[in-house]
Amino acid sequence: MDIVVLCKFVPDLVEDLEIDASTHLLDRNFLRLMPNELDDHALEEALLLKERHGGTVTVVTVDAGDVDEALYTAAAKGADRVVKIVGEGLDQGLSSQRLAALFAQAAGEWPHDLILTGTQAVDDLDGFAGALVAARLGMPYVGYVTKVASENGAVVARKEYPGGLNADIEIVGQAVLGIQSAEKPPRYVVTSKVMAAMKSVTIEEFEAGDAQADLELPITGMAVPQSAAHAEMIVGSVTEVAEKLAKLLRERGLVA
Amino acid sequence: MSVATSYEFLDKVIHATPDGEEIRKCLQCGTCSGVCPYGFAMEYPPRSLIAALRADDFHGVLESDTIWLCVSCFACASVCPVKIPLTRGLLATLKTEMLVGGSIPQELQTALGNSRRYGNSLGESPRKRADWTKDFTVPVPVLAAHKKPVDVLWFVGDYGSYHPRVQQVTRALAKLLFVLDVKFGILGAEENSDGDTQAFTGEWGLFELLARKNTQAMLKYQFAEILTADPHAFNALKHEYPRLGLDRPVKHYAQFLTEHFERLRPLLQNRGPQRVTYHDPCYLGRANDNNLYEEPRQLLRAIPGLDLVEMSHNRALSICCGGGGGGMWLDGFSWEKAHARTTEWRVKEALAAGAQVLAVACPYETPRFEDAVKSTGNEGKLKVKDIVELLVEAVFG
């Protein structure tokens, strides 16, 4: 089974985020980028599938942040090919629409029975990217996937629904899967293996071309959320705290 | 990269340290396994590990994950009658094999991943490494901005820089340097984790990466010697960094302050009686025969009103706080496997010795022992303080 894994870099929340007042976007001067966590899960699931069923894993990412190291790390983990999409301004942040256009253009260049990507990202909580790639390629999409199995030639994706429900969805033909979590936590690869990959692996480049978004929604404002209500601290002696707590619980109808 | 047989693995062990050949002399006496703080819970404590390798059962060894209980405390290596470098050789090399094979507890993976991405195991912003100096009364020059030679480059370390409890110790040391009029500077955002504990989890590649960054950053500046409050940083800077080109003397504050003893002593005043015991950190004592046992005690005895008492396990027999060798990042795993915390044994020993204060000299120890005081139900009965905190109290009240 040949798998393409789409990975992107997202703002690292370990740094304080600043908003650029002139563009209404995150101020990229102070931004630190990191690989999207769920894309790491997508890579892990792809590697597990390769280990079980053979085939190839190709990792495709957009040139932003420290992508070379991420790609060498992916190669050290077992990816067969690593590709970065290069072009002007890609490190200035991309909408999910534009990202999907780039990914769809690139993904088709490498063998793919399945295309895996993280089902969400900190800058794409709606989880548009994977579905938009599928739409552009005319392939079915299943999101919130926690397991992918290949049985008798058919691919079965386990999709998680709210309320603890799961569905096993059988897929005919090629598909894009949005991975919520791999079956196992993403593997650790020792630094010496990454260093070895830096010497032996070639990162392939793919020109971004003119793939445009179908629709770009203008962003007219961005603001840091203001906390509306704060937690109420109950203070006093143990007896006082217990009395206040009991009163509160009764008032809210939580105890009779 | 990974090896397949016991013999291939032993060959790696033999080449991991200069005296690696000594492993061939193992008598199977079992002293190592007996002294190991977690030996009781390991499927292959050192003696059994060597026996398994001799019986060519490397597969069985790799199947077990209890090597991750090893806290690299050098207890086994220090008692071995034939001086096998067990900690740095056999055990650290086995951890490397486990890492390469992908057998790594999740919590350790997080710490190693953080170290690689952010240069600190806590996963904090590298830019905020010197934030502890903000709104602080003592001026702490960051060398990149200072642009003047200093006498002392102070390597602050991960926990000293970021951990809220250990930051108090860091500020205490800054106050002492200030009153002693030491011309010092820190690397600030240019500093990375010293990498010592990462190395003892078997991640030597990560150690090299971090150590090269630190060495390059340090050698940009003019200074005479390196000071650190972290025994792990001390150990790495002293014994591992020289091969990467670092050529300056390295001192733990216990050494540095005893060298400035004649100036420090007159500043220490009697702030009331207190009975104190001292926990020897593994990496000041046993590790690499660092043998810094008397300097910390000299500093403590110099505090007027301080009565120093000893725990039953002291100096080379000290019991690890459980933080070394990756233990700092494996608390969940260790509890699950062993249902024991060495810090709790130590707290009980300190109380049995009649101590009111447990004095420490390693950044792992203050938070670990404070937790153990609470988890043994002894809150209010024993305080945990770094030696520099006790000195600052004696100087400033």
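Candidates A:Leu47, A:Leu6, A:Leu38: the one that is at pLDDT 95 or above, within 14 Å of another protein chain (Cβ to nearest Cβ), under 21 Å from A:Arg187 (Cβ atoms) and crowded, with 18+ Cβ neighbours inside 10 Å is A:Leu47.
Residues checked against (1) in contact (Cβ under 8 Å) with a residue 40 or more places away in the chain; (2) within 14 Å of B:Thr87 (Cα to Cα); (3) of a type in the set (S, T, N, Q); (4) open to solvent by 70 Å² or more (accessible area, probe 1.4 Å):
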{"residue": "B:Val3", "(1), (2), (3), (4)": "yes, no, no, no"}
{"residue": "B:Pro18", "(1), (2), (3), (4)": "no, yes, no, yes"}
{"residue": "B:Lys25", "(1), (2), (3), (4)": "yes, no, no, yes"}
{"residue": "B:Gln28", "(1), (2), (3), (4)": "no, no, yes, no"}
{"residue": "B:Pro37", "(1), (2), (3), (4)": "yes, yes, no, no"}
{"residue": "B:Arg47", "(1), (2), (3), (4)": "no, yes, no, yes"}
{"residue": "B:Ile50", "(1), (2), (3), (4)": "yes, yes, no, no"}
{"residue": "B:Asp57", "(1), (2), (3), (4)": "yes, no, no, no"}
{"residue": "B:Gly60", "(1), (2), (3), (4)": "no, no, no, no"}
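Look at (1) over 20 Å from the mean Cα position of the chain (by Cα); (2) at pLDDT 95 or above and you find that A:Ala21 fails only one, number (2). Only a single item in (1) under 30 Å from B:Leu94 (Cβ atoms); (2) touching a Leu at 6+ places or on another chain (Cβ under 8 Å) is not met by B:Tyr221, and it is number (1). When the residues of the range B:121-168 are narrowed to those that are outside any helix (DSSP H, G or I) and hydroxyl-bearing (Ser, Thr, Tyr), which ends up farthest from B:Gly323 (Cα to Cα)? The residue in question is B:Thr137.
Scanning the range B:122-134 for residues that are facing chain A (nearest Cβ under 9 Å) and among the hydroxyl-bearing types (Ser, Thr, Tyr) turns up just one, B:Ser125. Candidates B:Asp307, B:Asp280: the one that is in a strand (DSSP E or B) and outside the structural domain of B:Val169 (by TED's automatic domain parsing) is B:Asp307. Scanning the range A:79-100 for residues that are of a type in the set (A, V, I, L, M, F, W, C) and open to solvent by 40 Å² or more (accessible area, probe 1.4 Å) yields one hit, A:Leu94.
Taking the listed residues B:Arg243, B:Arg271, B:Arg248, the one that is open to solvent by 20 Å² or more (accessible area, probe 1.4 Å), farther than 22 Å from B:Phe396 by Cβ, in a loop (DSSP other than H, G, I, E, B) and not polar (S, T, N, Q) is B:Arg248, with no other qualifying. Restricting attention to the range B:335-362, the residues being of a type in the set (Gly, Ala, Ser) and buried (at least 23 other Cβ atoms within 10 Å of the Cβ) number 4. Looking across the range A:168-189, the residues that are without any contact (Cβ under 8 Å) to a residue 24 or more places away in the chain and more than 21 Å from the chain's Cα centre (by Cα) come down to A:Asp168, A:Glu170, A:Val172. Do we find a residue being under 15 Å from B:Ala254 (Cβ atoms) and assigned to a loop (DSSP other than H, G, I, E, B) anywhere in the range B:363-386? Taking every residue of the range B:363-386 in turn, at least one turns out to be under 15 Å from B:Ala254 (Cβ atoms) and assigned to a loop (DSSP other than H, G, I, E, B).
Where residues in the range B:108-121 are in contact with an Asp or Glu (Cβ under 7 Å, 6 or more places away or on another chain) and facing chain A (nearest Cβ under 10 Å), which of them is least open to solvent (accessible area, probe 1.4 Å)?
In this case the residue turns out to be B:Leu112.
Just checking, does the range B:92-101 include any residue being more than 9 Å from every other protein chain (Cβ to nearest Cβ), among the β-branched types (Val, Ile, Thr) and more than 18 Å from A:Arg187 (Cα to Cα)? Yes, the conditions are met somewhere in the range B:92-101.
With the condition kept exactly as written, say whether any residue in the range B:178-194 is within 14 Å of chain A (Cβ to nearest Cβ), of a type in the set (Asp, Glu) and in a helix (DSSP H, G or I). There is no residue in the range B:178-194 that is within 14 Å of chain A (Cβ to nearest Cβ), of a type in the set (Asp, Glu) and in a helix (DSSP H, G or I).
Suppose we filter B:Gly39, B:Gly113, B:Gly30, B:Gly34 for residues that are closer than 30 Å to B:Asn192 by Cα and either outside the structural domain of B:Arg243 (by TED's automatic domain parsing) or of a type in the set (Ser, Thr, Tyr) (or both); which single one remains?
Working: B:Gly39 fails: closer than 30 Å to B:Asn192 by Cα; B:Gly30 fails: closer than 30 Å to B:Asn192 by Cα; B:Gly34 fails: closer than 30 Å to B:Asn192 by Cα.
Only one candidate qualifies: B:Gly113.
Looking at B:Phe234, B:Phe256, B:Phe184, B:Phe207, just one residue is under 24 Å from B:Gly89 (Cα atoms) and in contact with a Leu (Cβ under 9 Å, 6 or more places away or on another chain), and that residue is B:Phe234. Taking the listed residues B:Glu310, B:Glu365, the one that is touching a residue at least 12 places away in the same chain (Cβ under 8 Å), farther than 24 Å from B:Gly89 by Cβ and buried (at least 17 other Cβ atoms within 10 Å of the Cβ) is B:Glu365, with no other qualifying. Here is a check on your reading of the model: is B:Lys183 open to solvent by 50 Å² or more (accessible area, probe 1.4 Å), touching a strand residue (DSSP E or B) at 6+ places or on another chain (Cβ under 8 Å) and under 21 Å from B:Val71 (Cα atoms)? No: the conditions fail for B:Lys183. I'm checking my understanding of the structure. Among residues of the range A:210-250 that are touching a Leu at 6+ places or on another chain (Cβ under 8 Å) and in contact (Cβ under 8 Å) with a residue 24 or more places away in the chain, which one is nearest to the other protein chains (Cβ to nearest Cβ)? Top of the filtered list is A:Val224.
The values are calculated or read from the model by the stated rules, or taken from the named source; none is laboratory data. These figures come from a predicted structure and were not determined experimentally. Don't worry about glycine lacking a Cβ; one is built from the backbone with ideal geometry, like all the others, and counts go over all protein chains shown. Accessible surface is based on the protein model in full, side chains and every heavy atom, while ligands, DNA and RNA are left aside. Shrake-Rupley method; radii C 1.70, N 1.55, O 1.52, S 1.80 Å.
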